[in-house]
Amino acid sequence: MPERSARMSRTGESTHSSPPAASGTEGTGVTVRNRQRRLPLDTRRLERELARAAGSEGLGDQTIAFVLVSDRSIRRLNRKFHGRDDVTDVLAFDYRPTSQPDDVDAEVVVSAHRAEAEALGRGLPADGELLLYCLHGLLHLAGYDDRDPAGRRRMWKRQLEHLAEAGYPVRRWREPMADTTQRHAAPEEP
């Protein structure tokens, strides 16, 4: 088993670095750290799919940590870093060019609870919805922007292409609401 070294990310979530996943992902530094317990996940498959997507988006030489958290944790991070006291599905943090050799270059924090709830409500596989959120954060790191309708359509199309390459039936996913601030924000927790 490869040796893993613990790192502390800038968001305060513990990540682990490891050698790249097998199956065509050589040279990528994608890691997935599951910090929630509710949704059981195949993190190795998730790492493989995200490493493949990172490579195809020109981020194959970057060290990217994906941290899967609860609604409570992502709400705390959203408040700390964006001043918004609500739950969101994904937060992307790009630390380039200030990252040091032992640091992660970027971090994508995803609410596994939000992905599970959304998937259940729409009859989708929860792991696919979670991958979609991870891909959304990854595409932001690659320079995609969803603040205008054209950018949103371009980003949605690319997310679905990656989802299809991972073997998910993308025809079941529908495009999110036009207002991404509403799309990414959920009602406050009680």
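The values are calculated or read from the model by the stated rules, or taken from the named source; none is laboratory data. Quantities reported herein were computed from a predicted structural model and do not represent experimental measurements. With ideal geometry, Cβ positions are generated from the backbone for all residues, glycine too; neighbour counts draw on all protein chains shown.
Quick notes on this one:
- Residue within segment 94-111 that is in a helix (DSSP H, G or I), within 14 Å of the chain's Cα centre (by Cα) and modelled with pLDDT of 95 or more present: no
- Qualifying residue in segment 127-146 (condition: over 25 Å from R52 (Cβ atoms) and out of contact with any helix residue (DSSP H, G or I) (no Cβ under 6 Å at 6 or more places or on another chain)): no
- Test: S73 is surrounded by 18 or more Cβ atoms within 10 Å (Cβ to Cβ) and among the polar types (S, T, N, Q): yes
- Test: residue in segment 49-66 that is free of Cβ contacts under 8 Å to residues at least 40 places away in the same chain and either buried (at least 21 other Cβ atoms within 10 Å of the Cβ) or touching a strand residue (DSSP E or B) at 6+ places or on another chain (Cβ under 6 Å) (or both): yes
- Matching entry among E175, E161 (being modelled with pLDDT of 95 or more and more than 23 Å from N78 (Cβ to Cβ)): E161
- All positions within segment 92-110 that are surrounded by 15 or more Cβ atoms within 10 Å (Cβ to Cβ) and free of Cβ contacts under 8 Å to residues at least 60 places away in the same chain: A92, D94, S99, A106, V108, V110
- The one condition in (1) in contact with a His (Cβ under 6 Å, 6 or more places away or on another chain); (2) among the charged types (D, E, K, R); (3) at pLDDT 95 or above that R76 fails to fulfil: (1)
- Within segment 39-56, the presence of a residue that is small (G, A, S) and either modelled with pLDDT under 95 or in contact with a Lys or Arg (Cβ under 8 Å, 6 or more places away or on another chain) (or both) is excluded.
- Among the residues of segment 129-149, the one identified as assigned to a helix (DSSP H, G or I) and surrounded by fewer than 19 Cβ atoms within 10 Å (Cβ to Cβ) is P149.
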